[in-house]
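To keep things clear, I will list the structure first and then write my remarks on it.
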Amino acid sequence: MFQGNILKNHPVILELFTGAGGRFILYRPGMARLEAPSVPIVYQLLKSVGHSTMALTEVVTPYLDNPDNQSWRGAMSAYRARMKTALDGLDATPMQADWRDNNRSILENNIAFMDDCLAKGSISSAALQEFAKKQSPLLKRNLAWAAQTQVGHWMQVIGDWKTMLGSDWDKAYARQNNILFSGLAQHFRPEAINHRLMLIETISFTSTPEDMLTSLTRIIADRSVGALFFGNYYLMDYELMGGNARAAIIAEDEKRGMNRSFRRPCRSARNNGSTLITPGPGPTSLADTQ
């Protein structure tokens, strides 16, 4: 019922992490949900080539300076074949010339490093360090271009949706669970952060729209409960028992003669910034509401 009421009266934007650079969904009252186009495929290509180098490094690390162990040769030969296939298909990718040249260099360096290891029958720490030094500036370019592609795409999408919604934008809620929070936040007023724009952290690689909607609904619905029982509308946005647990840990530290190791407690106020530990007004725990 709470979720139905929210979707009936408010636009809702969900941003979900995916391996393709994210997924944005817009729910509008009385209308079918609208899903944004994906990030251009070049984003995935840039990340894939960059990951190939890091994956290669992780594959060889257990065998460094151990020439008696040859168990890596079969896997490396198979990986080299895949790397060569990627290199051969690079010219067919929708990638601008300077980006393609950078990725060609990365793939060629990967292959050269593998060929050297296979020819010598060993993987030395010195060779790996030299390989990393050569690849580092190339990988940095790929990372920068991938970020520009991803952020530019989603900033355009959100800007278009904001224009489309008009005055209803000021009623919109947004829920998101990865690095694009900052980009999404640029389209909201600062006071909307942690009020209508919320960040959720998860250990899951992906989340479903249903999971995100449930989480958003639960937070909004719990606010009236927090106001009723504890006199603060936003207190239940965060771990309600956290303050009590913190006090208990402090007591145990004192009992055991241990040093305390805490981050700052968050304050349950609407305008407490883009993270949950930004200083601001409001209680930090249930005890502060008494």
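Throughout, read-outs are computed from the coordinates displayed, never taken from laboratory work. Here the structure is a predicted model, which means the values were calculated and not measured. Glycine gets a Cβ as well: all are built from the backbone with ideal geometry, and neighbour counts include every protein chain shown.
The table that follows gives values for the structure above.
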quantity: Dimensions (Å) - the stretch 43-148, Cα atoms, principal axes, largest first; calculated: 44, 23, 17
quantity: Segment Asp98-Thr61, extension gain: residue separation times 0.36 nm, minus the distance between their alpha carbons; calculated: 10.2 nm
quantity: Cα-based reach from Lys133 at 20 Å (exclusive), listing aspartates and glutamates while leaving out same-chain residues under 8 positions away; calculated: Glu58, Asp65, Asp101, Glu108, Asp115, Asp116
quantity: Entries of Lys140/Lys162; Lys47/Lys84; Lys47/Lys162; Lys47/Lys120 with Cα pairs more than 25 Å apart; calculated: Lys140/Lys162; Lys47/Lys162; Lys47/Lys120
quantity: Footprinting exposure proxy for Ser224, Ser38 (fewest neighbouring C-beta atoms within 10 Å first); calculated: Ser224, Ser38
quantity: For the stretch 43-148, with +1 on Lys and Arg beta carbons and -1 on Asp and Glu, the positive-most of Asn102, Leu128, Met83 along the dipole; calculated: Asn102
quantity: Relative exposure of Arg28, Arg82, Arg196, Arg189, judged by other C-beta atoms within 10 Å (fewest first); calculated: Arg82, Arg189, Arg28, Arg196
quantity: Inter-centroid distance (Cα atoms) of the stretch 124-175 relative to the stretch 1-69, Å; calculated: 11
quantity: P(r) histogram, all alpha-carbon pairs of the stretch 1-101 included - 5 Å bins from 0, percent; calculated: 2, 9, 14, 13, 11, 10, 9, 8, 7, 6, 5, 3, 1, 0
